[in-house]
Amino acid sequence: MTGWGWWAAAGAAVVVLALCRRPLGALCRLAVRSGLGLVFLWLFRGIGALLGVQLGVNLFNGLILGVLGLPGFALLLMAQWVAR
């Protein structure tokens, strides 16, 4: 690629990132919230063993907690209770 080709590619990349700013921001927020949900599940694993409740620490449960928050945690607990 010549010098002007690199500048054109960089300009196109800036335009694409500017157009995708909101979806990328929402995706980043979801990733952070899901990561925090996984940390919460990992911390709850010790307490849950004492209470007789076992929730798996996996990406699906983390995504549910990331999207729904505390109601998602209640949903996971009810789903585990119904599955027994």
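The values are calculated or read from the model by the stated rules, or taken from the named source; none is laboratory data. These numbers come from a predicted model, not from an experiment. Using ideal geometry, Cβ is built from the backbone for each residue, glycine included, and neighbour counts are taken over all protein chains shown. Areas reflect the complete protein model, heavy atoms only, side chains present, ligands, DNA and RNA absent. Shrake-Rupley method; radii C 1.70, N 1.55, O 1.52, S 1.80 Å.
Of the residues that sit in region 24-73 and are of a type in the set (D, E, K, R) and closer than 30 Å to residue 13 by Cα, which one is least open to solvent (accessible area, probe 1.4 Å)? For region 24-73, the residue satisfying everything is 33.
Scanning region 42-73 for residues that are assigned to a helix (DSSP H, G or I) and either modelled with pLDDT of 95 or more or closer than 20 Å to residue 31 by Cα (or both) yields a total of 17.
Pairing residues of region 51-65 that are under 12 Å from residue 81 (Cβ atoms) with residues that are open to solvent by 70 Å² or more (accessible area, probe 1.4 Å) and of a type in the set (D, E, K, R), at Cβ distances under 8 Å and at least 6 apart in sequence or on separate chains, gives 54/45; 55/45. If I ask for residues that are open to solvent by 100 Å² or more (accessible area, probe 1.4 Å) and in a helix (DSSP H, G or I), which ones from region 1-13 would you list? The answer is 4, 6, 7. Taking residue 76, is it surrounded by 15 or more Cβ atoms within 10 Å (Cβ to Cβ) and in a helix (DSSP H, G or I)? Yes: the conditions hold for residue 76.
Among the conditions (1) among the β-branched types (Val, Ile, Thr); (2) at pLDDT below 85; (3) not in a helix (DSSP H, G or I), residue 16 misses just one, which is (3).
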